[in-house]
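Every number in this text was worked out from the coordinates using simple rules, so none of it is lab data. The structure displayed is predicted, hence computed values, not measured ones. Backbone-built Cβ (ideal geometry, glycine too); neighbour counts: all protein chains shown.
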Amino acid sequence: MSTECIDDGQQDLTRLYQDHHPWLLQWLEKRVQDRLQAEDHAQDTFLRVIAAKDTPSLNEPRAYLTTIAKRLLINHWRRNSIEQAYLARLAAYPEERVISAEDSAIVLEVLREIDELLNQLPAKVRKAFLLAQLDDLTYAEIGRQLGVSDRMVRKYMAQAMFQCLNAGF
């Protein structure tokens, strides 16, 4: 790869950042209502652009940046939702059963990893897995809820279990 190509790519990224960072920051700040959080998300958005390496020729750079930023926001809100649910559940325990802050941080990180893993699964596979694991439903009950056969539920569960095993869970 020639240095000329690298320089052109670097110039394109620099121009993209200079031309659109202020706009993206303002767009994000309207959604998160927090300047520092908006700055973090804007930086993460541009880091994703850099990490993509094969940045396409952008006819609509703001649409491209918005798509990346929206995905980051969805992940952020989902992680916050998990954290709030965990903290609410933890608060319901008697004081003598409360775990240390360090253990709590570990549990939250594992929950986030599981959430990320599950979100990589197709919707019906994820739903079948959660119904089996959280609601303790039989495959027949899951099949009725999802409108699929027991055999399909078995396939869904195998796919989910395989994903969990590959991730080390």
With +1 at each Lys and Arg Cβ and -1 at each Asp and Glu Cβ, the charge dipole magnitude of the chain around its Cα centre, to the nearest 20 debye, comes out at 880 debye
hull vol. (C-alpha, convex hull) per residue for segment 74-165, Å³ -> 115 Å³
The chain, Gaussian network, Cα under 10 Å: of Asn59, Asn119, Asn80, the residue fluctuating most is Asn59
For segment 1-140, whose charge dipole is built from +1 on Lys and Arg Cβ atoms and -1 on Asp and Glu Cβ atoms, the candidate among Leu87, Leu36, Ala63 with its Cα farthest towards the positive end is Ala63
Expected unfolding gain across Gln10-Met161 under the 0.36 nm per residue rule, minus the alpha-carbon gap, is 50.1 nm
Within segment 22-169, pairs of Lys residues whose Cα atoms are less than 26 angstrom apart, provided they are eight or more positions apart or on distinct chains, add up to 6
Two pseudo-spin positions, 7 Å from Cα along C-beta at Val98 and at Asp40, lie apart in nanometres by 2.3 nm
Expressed as a whole-number percentage, the relative contact order of the chain with C-alpha contacts under 8 angstrom and at least six residues apart is 13 percent
The distance between the Cα centres of segment 129-153 and segment 8-83, in whole Å, is 38 Å
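Express the C-alpha Rg of segment 16-85 as a ratio against the empirical globular expectation 2.2 N^0.38 Å, rounded to two decimals. If you can, show how the numbers build up before the last one.
Numbers: Rg = 12.5 Å, N = 70, 2.2 N^0.38 = 11.1 Å.
After normalising by residue count via 2.2 N^0.38 Å, the value is 1.13.
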